[in-house]
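Q: Take this structure first; my questions come after.
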Amino acid sequence: MNMRTARIGLLGLGTVGQAVAQLNRSADGIAFQIVRALVRDIKVPRSVTIPRTLDPAEIIDDPEIDIVVEVTGRRHPARRWILSALEHGKAVITANKEVMAYHGPELLHASQIHHAYLGFEASVGGGMPVLDALRYHLTNTPVHEIYGVLNGTTNYLLCAMAEGQPLFHALHNAQQAGYAEADPTADLKGYDAARKLVILAFLAFDGWLDPDHLTVTGLHDWPPELFFRLQDAGLGLRLLAVARKDHNGVVTAQVRPTVIPATSRLMQVMGAQNGIGISTDAGCFWIEGPGAGGMATATSIWSDIRRSQLFADGFFPHPAPHISAGEVSLPLLEIARDRDRSLTTGPQPSQRFADPSLRLVPPLSEPSDGTWTFPFWE
Ligand SMILES: NC(=O)c1ccc[n+]([C@@H]2O[C@H](COP(=O)([O-])OP(=O)(O)OC[C@H]3O[C@@H](n4cnc5c(N)ncnc54)[C@H](OP(=O)(O)O)[C@@H]3O)[C@@H](O)[C@H]2O)c1
């Protein structure tokens with residue numbers, strides 16, 4: 001078979017960028033060549049030997065480069081770089097959920113008008129093929145609800161806290177183990193999970209939610225006693241992200257620490273893993289796996305890189321449904337639904353959960369009387 005060469009420029013050569021370089025293989029008659037990588041600091045040692053540059057134009061404006069992989073993070077200047085690469089007709093693959101959640105409609109619109117592939121599988125669920133499942137597999141059956149553990153850092157912390165570690169001790173351990181970033185704010189406050197939920201909701205419900213208008217609550221330094229009492233009652237805590245669409249097309253979306261029965265598969269999602277359920281007319285599909293990590297995330301990026309070449313050859317559809325900027329927002333309503341029912345203890349204790357110091361009512365709030373309140377999922 002005659003091999004052709006596709007040339008790749010990496011924007012970023014950190015955890016994910018280096019893993020992308022390590023996983024480079026020829027495939028489908030194409031030899032992939034990583035030409036150069038953008039970094040902030042040329043002198044930092046890397047695990048791979050790739051020419052490095054401090055100038056993004058050496059990648060975005062290089063006519064020899066066919067594919068740009070954006071793995072820098074943050075919204076800016078990633079948005080500008082992605083737009084510019086698409087305008088040059090290059091395929092762009094990104095793992096950046098922040099830029100996709102905030103600028104997805106604009107970026108996808110640009111990719112469509114320039115007929116340039118924009119792949120973002122790695123932006124949700126690390127190595128899990130969850131966006132593929134929504135885009136290419138569950139196409140003829142309406143999705144009603146997506147729910148799950150979307151952030152491995154907070155899940156790792158909740159598992160450690162359930163074993164008695166205070167939040168800040170668990171966070172220190174997570175940072176040492178590489179499960180938490182030096183600045184963990186977006187994870188701890190639930191913003192990271194909310195951004196992923198926006199991307200999932202787009203593919204499931206065909207519209208874009210504003211990530212700043214979701215109900216989002218993050219982790220708190222709850223005392224170990226709270227976790228022990230939950231365990232005694234056959235319950236546990238997860239940072240649960242849920243988006244659902246009702247019969248009138250109204251979407252509710254929220255990310256909140258939620259009390260869950262220990263028997264639920266959501267409670268079996270341990271450590272830095274992710275688990276995502278997709279409820280459809282055809283039943284509920286469940287995907288679980290490594291939601292982060294360089295190699296897992298690079299696996300999703302390579303899947304998109306290879307598909308970008310099939311797209312260029314006319315063998316594969318665009319990675320997003322047709323989108324035109326300005327027509328894409330979904331009506332968003334914040335309501336609790338039946339199973340977020342309030343389980344309040346007090347004069348008439350709940351049969352399920354009769355601990356007077358735990359009231360299960362949304363939303364989570366600071367305790368004024370030593371009582372924590374949580375939504376409940378069953
Ligand atoms: N790590 C994961 O497990 C994971 C999983 C899923 C998705 N993601 C997403 O993947 C992306 C990359 O994550 P990462 O963990 O690989 O981050 P990282 O280790 O911090 O690497 C970021 C890279 O981008 C470069 N960079 C950042 N800002 C730059 C700028 N303004 N100009 C030039 N270079 C810049 C950095 O250069 P220097 O090395 O010189 O500082 C570094 O090489 C993020 O969007 C993240 O959310 C990560």
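The values are calculated or read from the model by the stated rules, or taken from the named source; none is laboratory data. Fair warning: this is a prediction, and the values are worked out from it, not measured in the lab. Cβ coordinates were reconstructed from backbone atoms using ideal geometry, including for glycine residues, and neighbour counts include every protein chain displayed. Quick note on the areas: whole protein, heavy atoms, side chains included, nothing else; ligands and nucleic acids left out. Shrake-Rupley method; radii C 1.70, N 1.55, O 1.52, S 1.80 Å.
Q: Where the accessible area of region 32-185 is counted over protein heavy atoms with a 1.4 Å probe, how much of it, in %, is carbon and sulfur?
A: 50 percent
Q: What range in the chain is the longest one free of trypsin sites (Lys or Arg not before Pro) that are in a loop by DSSP and have at most 13 other Cβ atoms within 10 angstrom?
A: In the chain, the maximal stretch lacking such sites is 75-336.
Q: Could you order GLU70, GLU106 so the one with the most accessible surface comes first? Probe is 1.4 Å.
A: Ranked list, largest accessible area first: GLU106, GLU70.
Q: Okay, next question. Read phi for every residue in region 245-251 and hand back ³J(HN,Hα) as whole Hz from Karplus 6.51 cos²θ - 1.76 cosθ + 1.60, θ = phi - 60°, with x for Gly and Pro.
A: Values per residue, Gly and Pro as x: 10, 8, 5, 8, x, 8, 9 Hz.
Q: Please give the per residue accessible area of region 234-311, computed with a probe of 1.4 Å over protein heavy atoms only, in Å².
A: Spelled out: the 1.4 Å probe surface of region 234-311, per residue, equals 34 Å².
Q: Would you kindly derive the ³J(HN,Hα) couplings of region 33-39 from the backbone phi angles with the Karplus curve 6.51 cos²θ - 1.76 cosθ + 1.60 (θ = phi - 60°), listing them in order in whole Hz, with x for Gly and Pro?
A: Per residue, the Karplus-derived 3J(HN,Hα) values read 10, 8, 7, 7, 10, 7, 9 Hz.
Q: To continue, here is another question. Hey, can you grab everything whose amide H is under 5 Å from the amide H of ALA31? Only 5+ residues off in sequence or another chain; H modelled, so Pro and N-termini drop out.
A: So ALA31 has HN proximity to ARG4, THR5, ALA6.
Q: Something else about it: Measuring from label point to label point, each 7 Å out along Cα→Cβ, what is the PHE315 to ARG74 span in nm?
A: With each label placed 7 Å out from Cα toward Cβ, I get 3.9 nm.
Q: Quick check: residue separation of ASP210 and ARG46 times 0.36 nm, minus the Cα distance between them. What number comes out in nm?
A: 55.4 nm
Q: Quick one: accessible area per residue over region 45-189, 1.4 Å probe, rounded to a whole number of Å²?
A: Result: 41 Å² per residue.
Q: Something else about it: Of the chymotrypsin sites (Phe, Trp or Tyr not before Pro) in region 1-110, which ones lie in a loop per DSSP and count no more than 16 other C-beta atoms within 10 Å?
A: none
Q: Counting other Cβ atoms within 10 Å, keep those with at most 13, restrict to DSSP loop, and tell me which chymotrypsin sites (Phe, Trp or Tyr not before Pro) in region 260-324 are left.
A: Of the chymotrypsin sites (Phe, Trp or Tyr not before Pro), the ones in loops of region 260-324 whose Cβ has at most 13 other Cβ atoms within 10 Å are PHE315.
Q: Take MET295, project a point 7 Å from its Cα along the Cβ direction, then tell me which residues of region 16-36 have their backbone nitrogen under 17 Å from it.
A: Taking a point 7 Å out along Cα→Cβ of MET295, the residues of region 16-36 whose backbone N falls under 17 Å are 16-25.
Q: Hey, another quick one. With runs of 4+ DSSP H residues as the only contributors, calculate the mean residue ellipticity of the chain at 222 nm using -39,500 (n - 2.57) per run, divided by the residue total and rounded to the nearest 500.
A: Calculated from helices alone, the mean residue ellipticity at 222 nm is -8500 deg cm²/dmol.
Q: Starting from the Cα gyration tensor of region 157-285, multiply each eigenvalue by 5, take the square root, and state the resulting semi-axes largest first in whole Å.
A: One finds semi-axes of 27, 18, 13 Å for region 157-285.
Q: Right, another one. Can you list residues whose amide H is under 5 Å from ARG36's amide H, if they're 5+ apart or on another chain and H is modeled 1.01 Å from N?
A: LEU10
Q: To make sure I understand the rule: partners must be lysines, Cα under 30 Å from the Cα of LYS189, and not fewer than 8 residues away in the same chain. Which ones qualify?
A: LYS97, LYS245
Q: Tell me the volume per residue, in Å³, of the convex hull enclosing the alpha carbons of region 217-290.
A: Per-residue hull volume (Cα only) is 114 Å³.
Q: Turning to a different aspect of this structure: Within region 274-311, what residues put their amide N at less than 19 Å from the label point 7 Å along the Cα-to-Cβ vector of ARG25?
A: 290, 294-310
Q: Which whole number of Å³ per residue matches the convex hull of the alpha-carbon atoms in the chain?
A: In the chain, the Cα hull volume divided by residue count equals 142 Å³.
Q: For the chain, what's the relative contact order in percent, using C-alpha pairs closer than 8 Å and at least 6 residues apart?
A: 18 percent
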